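Okay, so here's the structure we're looking at.
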Amino acid sequence: MSSLELFQSLPSIRALPFRVGIVGGGRVGGALARGLAPQVAWVVARSTERRHQLRQWLEHIPLVGTLSDIATLPEVVILAVPDSALHDVALTLARRYERRLKDILVCHCSGVQTRSILAPVETFGALTGTAHPFTMIPEPDPTWLYGAVWGIEGEKAAMERIEQVVGVLGGTAYHLGDVSPERKALYHLTAVLASNVTTSAIAAAIVSAEGAAVPADLFLPPILRATIENAINAIRRGGTIPRTGPLERGDMESIERHLLALASYPSLLQQYCGYLIAMLSERKYLKPEVQSLLQRYCPLCRHFGQSSP
């Protein structure tokens, strides 16, 4: 059974009572289109390569290159485009469809932008909202969306449709309320820290394992599982995450050995120094020997811990 067949067989999947148009054929847009396929009216994907990729999964759904190829709008239009393109797409929708936008829900998937960026379509009576899947989507596969929490915002009339879309995709909708741009940015940063930064640290660990001549596929999965379980358990308890390692023990000798061993790995040295700074920044007091060690070995730490004049 393929991942898509598995996704579609899950018991929470149900049909939407309306049709959906999707602007964007990348990883998010592709995952949405595949997950909502029975109700998708069309997909706009500028890239010919993206349209060709999507065609293998969306055999009977119109795939077009621009909004100018779309004559009519369904009840919901989801914008799964880069943040930098959102305002232009909203303007294009407003100029092309004008009063035909009345009561159409236009929703974007950005984690950092609020719904205010969709103001051009509101001028013509469109409902607006946001629906951001708080998960990683490394490929256009809807199974990555199953079980995700979605941060959503919008006016009351829009929320019902957004919640229905999230439900069909197997997700949980969380109302962000009347979120400010600053709070929305911190919301998105939370996802970046939990996923992107964690992935970067794991990639660094793989490089280190290769340098140590130990198989990453044998050594890393067990410690990663233990680390994630430890963190999840602490989050559920509402407590501090228990930590281990040389920094927790005050073992400066081991840290110095790490730094010396990284002399032949300048990129990994820079990453490790960055992680050390991040871990140390949580501490109210920095021991002089720690500060001295970092300033000696880490290019990033030459002035770390020094007070500004």
- prompt: On the given criteria, is Pro181 touching a residue at least 60 places away in the same chain (Cβ under 8 Å), farther than 13 Å from Gly129 by Cα and buried (at least 20 other Cβ atoms within 10 Å of the Cβ)?
  reply: no
field: Out of Val168, Val207, Val214, sole residue that is in contact (Cβ under 8 Å) with a residue 60 or more places away in the chain and over 22 Å from the mean Cα position of the chain (by Cα)
entry: Val207
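Checking the conditions here, which among Gln56, Gln113 is touching an Asp or Glu at 6+ places or on another chain (Cβ under 7 Å) and either surrounded by fewer than 18 Cβ atoms within 10 Å (Cβ to Cβ) or closer than 27 Å to Ser200 by Cβ (or both)? Lay out the reasoning, then the answer.
Working: Gln56 fails: touching an Asp or Glu at 6+ places or on another chain (Cβ under 7 Å).
Within the list Gln56, Gln113, the selection yields Gln113.
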statement: Residues in the range 17-55 that are in a helix (DSSP H, G or I) and not polar (S, T, N, Q) total 17
message: Given the condition on the phi < 0 side of the Ramachandran plot and at pLDDT below 95, answer yes or no: does some residue in the range 165-181 qualify?
response: yes
query: When the range 148-165 is examined, which residues are found to be without any contact (Cβ under 8 Å) to a residue 24 or more places away in the chain and within 21 Å of the chain's Cα centre (by Cα)?
result: Glu163
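Confirm whether Leu58 is under 22 Å from the mean Cα position of the chain (by Cα), under 12 Å from Trp42 (Cα atoms) and outside any strand (DSSP E or B).
On the way: under 22 Å from the mean Cα position of the chain (by Cα): no; under 12 Å from Trp42 (Cα atoms): yes; outside any strand (DSSP E or B): yes.
Judged against the criteria, Leu58 is not a match.
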- prompt: Hey, any hits in the range 137-147 for a residue that's of a type in the set (Ser, Thr, Tyr) and either exposed (fewer than 15 other Cβ atoms within 10 Å of the Cβ) or modelled with pLDDT under 95 (or both)?
  reply: no
statement: Per the list (1) within 20 Å of the chain's Cα centre (by Cα); (2) surrounded by fewer than 21 Cβ atoms within 10 Å (Cβ to Cβ), residue check on Cys107 breaks on (2)
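Tell me, please, whether a residue that is surrounded by 12 or more Cβ atoms within 10 Å (Cβ to Cβ) and of a type in the set (Gly, Ala, Ser) can be found in the range 235-248.
No, every residue in the range 235-248 fails to be surrounded by 12 or more Cβ atoms within 10 Å (Cβ to Cβ) and of a type in the set (Gly, Ala, Ser).
Take the conditions part of a loop (DSSP other than H, G, I, E, B), modelled with pLDDT of 95 or more and either of a type in the set (D, E, K, R) or closer than 17 Å to Ala185 by Cβ (or both) and apply them to Gly111. Does it pass?
Values: part of a loop (DSSP other than H, G, I, E, B): yes; modelled with pLDDT of 95 or more: yes; either of a type in the set (D, E, K, R) or closer than 17 Å to Ala185 by Cβ (or both): yes.
Yes.
The values are calculated or read from the model by the stated rules, or taken from the named source; none is laboratory data. The model shown is predicted, which means the values in this text are computed figures rather than measured ones. Methodologically, a virtual Cβ is constructed for each residue, glycine included, from the backbone with ideal geometry; neighbour enumeration extends over all protein chains shown.
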